[in-house]
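As structure tokens, the structure follows; a few thoughts come after it.
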Amino acid sequence: MQDVAIEFEDVVAGYGDFMILNRLSLQAARGKITLLLGPNGAGKSTVLKTLFGMLRIRQGRVRLFGTDITGVGAKALLVQHGVAFVPQGRNLFGQLTVWQNLELGGITLGMKTTRARIPEVLDRFPRVKERLGSQASALSGGEQKQLEIARALLLRPRVLLIDEPSIGLSPLVVADVFTLLRQLAEQGTTVLMVEQNVKSALKMADEAMALESGRLVLHRRAEELLADPDIERLFLGGAQALAQQVA
Ligand SMILES: Nc1ncnc2c1ncn2[C@@H]1O[C@H](COP(=O)(O)OP(=O)(O)OP(=O)(O)O)[C@@H](O)[C@H]1O
Ligand SMILES: [Mg+2]
């Protein structure tokens, strides 16, 4: 693939002695939105955690824009390689204000740079901007997710890893989040996103990959997959149908 941003080559990784990724190989293109699909427990979040240096890689290599980052830890990935991660679920300091959460998000940048960048990031999130003095826990679920993304963008990441951002959000908020990700990609950010909201995600993504039991079972262009009459069967029918598709 031309212009590869993220590359896994035969990666084995997991938790303790229990390996989840079984010689996983995949590639995601620079400046594109790549979706990571697959059933619960397939290893989607594990891929993001492995890429972000949170799990030990037992075998294989991970590369970022051609640079080997196997074994590089989360902090170095963030600061030196421009990788930001918005994990699944809620990840804010609920007792702190929106503003304080943003300041903490920029801790690796230093306070001066962080404060200078906050207004620029907030321009993308008008609803968050109105709530700077509120406790983060007082925000709606959608506003909290937007704050998490805002916090990640303070680092001006080259690569944004985002795990199921639409969970618990209304369709309108999901549409806002997807529009924002599309804008980031147009501006050159590489996005790797896990999403269960398959149809709407495919409409905004460039590429789609599916995992099953820690292996890649499908990699196609998003619009091609969306046009596939078998899409309902593929995704509503679950992993078995996906595996048949590849066979
Ligand atoms: N911290 C952990 N310790 C041990 N096993 C874990 C841990 N996190 C995940 N696993 C296991 O790893 C496997 C893959 O989990 P992962 O979270 O990557 O799946 P997923 O595809 O993201 O699923 P979901 O759609 O439910 O979020 C599962 O069997 C899960 O139980
Ligand atoms: Mg997950």
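The values are calculated or read from the model by the stated rules, or taken from the named source; none is laboratory data. Note that the coordinates shown come from a computational prediction; the quantities given were computed from them, not determined experimentally. Reconstructed Cβ throughout: ideal geometry from the backbone, glycine too, with neighbour counts over all protein chains shown.
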### Query
Are any residues in segment 26-46 over 16 Å from Thr189 (Cα atoms), part of a strand (DSSP E or B) and within 13 Å of ligand 1 (Cβ to nearest atom), and if so, which ones?
Leu36, Leu37
### Those residues of segment 2-26 which are surrounded by fewer than 17 Cβ atoms within 10 Å (Cβ to Cβ), away from ligand 2 (no atom under 15 Å from the Cβ) and of a type outside the set (A, V, I, L, M), in sequence order
Gln2, Asp3, Glu9, Asp10, Gly16, Asp17, Phe18, Asn22, Arg23, Ser25
### Query
Could you say whether any residue in segment 47-54 is surrounded by 17 or more Cβ atoms within 10 Å (Cβ to Cβ), within 12 Å of ligand 1 (Cβ to nearest atom), among the hydroxyl-bearing types (Ser, Thr, Tyr) and under 30 Å from Ile231 (Cα atoms)?
yes
### Task
With the condition kept exactly as written, say whether any residue in segment 104-122 is in contact with a Ser or Thr (Cβ under 6 Å, 6 or more places away or on another chain) and not assigned by TED's automatic domain parsing to the domain that holds Thr189.
yes
## Note on the structure
Only unsatisfied item for Val191, checking (1) part of a loop (DSSP other than H, G, I, E, B); (2) more than 16 Å from ligand 1 (Cβ to nearest atom); (3) not small (Gly, Ala, Ser), is (1)
### Task
Using the structure shown, decide if Ile149 is closer than 26 Å to Val198 by Cα and within 16 Å of ligand 1 (Cβ to nearest atom).
no
### Message
Take Ala201 and tell me if it is assigned by TED's automatic domain parsing to the domain that holds Asn40 and within 24 Å of Leu77 (Cα to Cα).
### Response
no
### Message
Quick check on my filter: what residues within segment 165-187 are within 16 Å of ligand 2 (Cβ to nearest atom), surrounded by fewer than 20 Cβ atoms within 10 Å (Cβ to Cβ) and under 16 Å from the mean Cα position of the chain (by Cα)?
### Response
Ile167
### Flag for Arg151 being touching a strand residue (DSSP E or B) at 6+ places or on another chain (Cβ under 9 Å) and closer than 27 Å to Gly43 by Cβ
yes
### Query
What are the residues in segment 27-45 that are in contact (Cβ under 8 Å) with a residue 24 or more places away in the chain and surrounded by fewer than 22 Cβ atoms within 10 Å (Cβ to Cβ), if any?
Gln27, Ala29, Arg30, Gly31, Lys32, Pro39, Ser45
### Task
Identify the single condition in (1) more than 16 Å from ligand 2 (Cβ to nearest atom); (2) more than 24 Å from Gly16 (Cβ to Cβ); (3) touching a strand residue (DSSP E or B) at 6+ places or on another chain (Cβ under 6 Å) that Val86 does not satisfy, given that it satisfies every other one.
(1)
### Message
Take the conditions away from ligand 2 (no atom under 16 Å from the Cβ), farther than 13 Å from Met193 by Cα and touching a Ser or Thr at 6+ places or on another chain (Cβ under 6 Å) and apply them to Arg56. Does it pass?
### Response
no
### Query
Is there any pair with a first residue in segment 85-101 that is closer than 13 Å to Gln146 by Cβ and a second that is within 16 Å of ligand 1 (Cβ to nearest atom) and not basic (Lys, Arg) whose Cβ atoms are under 9 Å apart and which are 6 or more apart or on different chains, and what are they?
Val86/Leu161; Val86/Ile162; Val86/Asp163; Val86/Pro165
